[in-house]
1. Compute the distance in nm between two label points, each set 7 Å from the Cα along the Cα-to-Cβ direction, one at Arg42 and one at Glu27.
2. If the reach is capped at under 24 angstrom between alpha carbons, list the lysines near Lys7, excluding any in the same chain fewer than eight residues apart.
3. Please express the Cα-Cα pair-distance distribution P(r) of the chain as a list of whole percents, one per 10 Å bin, running from 0 to the bin with the greatest distance.
4. Would you work out which of Leu38, Ala9, Thr23 lies farthest towards the positive end of the dipole of segment 2-47, given +1 charges on the beta-carbon of Lys and Arg and -1 on that of Asp and Glu, about the Cα centre?
5. Compute the helix-to-body angle for 2-27: its Cα long axis versus the longest principal axis of the chain, expressed 0 to 90° and rounded to tens.
Amino acid sequence: MAKEREKPAMLHQIDENLKRVYTEALEQDVPDRFAQLLAQLREKGAKA
């Protein structure tokens with residue numbers, strides 16, 4: 001029975017950790033090189 005109670009707690013902890021990692025990834029800035037490449041693509045798209 002103890003294992004049955006541990007599993008939902010463990011799944012909840014995994015869920016919370018995944019949400020935290022995802023949120024942290026969203027808050028990171030886009031690398032400069034990637035932003036430059038996006039700007040170049042936008043310029044080419046506007047000219048086409």
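1. Distance between the two pseudo-spin positions: 2.5 nm.
2. Counting by Cα, and skipping residues close in sequence, Lys7 has these lysines nearby: Lys19.
3. With 10 Å bins starting at 0, P(r) equals 22, 22, 20, 16, 13, 7, 2.
4. Leu38
5. The answer is roughly 20 degrees.
Computed from the coordinates by the stated procedures, all read-outs in this text should not be read as laboratory data. This is a predicted model, so every value here is computed, not measured. Quick reminder, even Gly has a Cβ in these numbers, built from the backbone with ideal geometry, and neighbours come from all protein chains shown.
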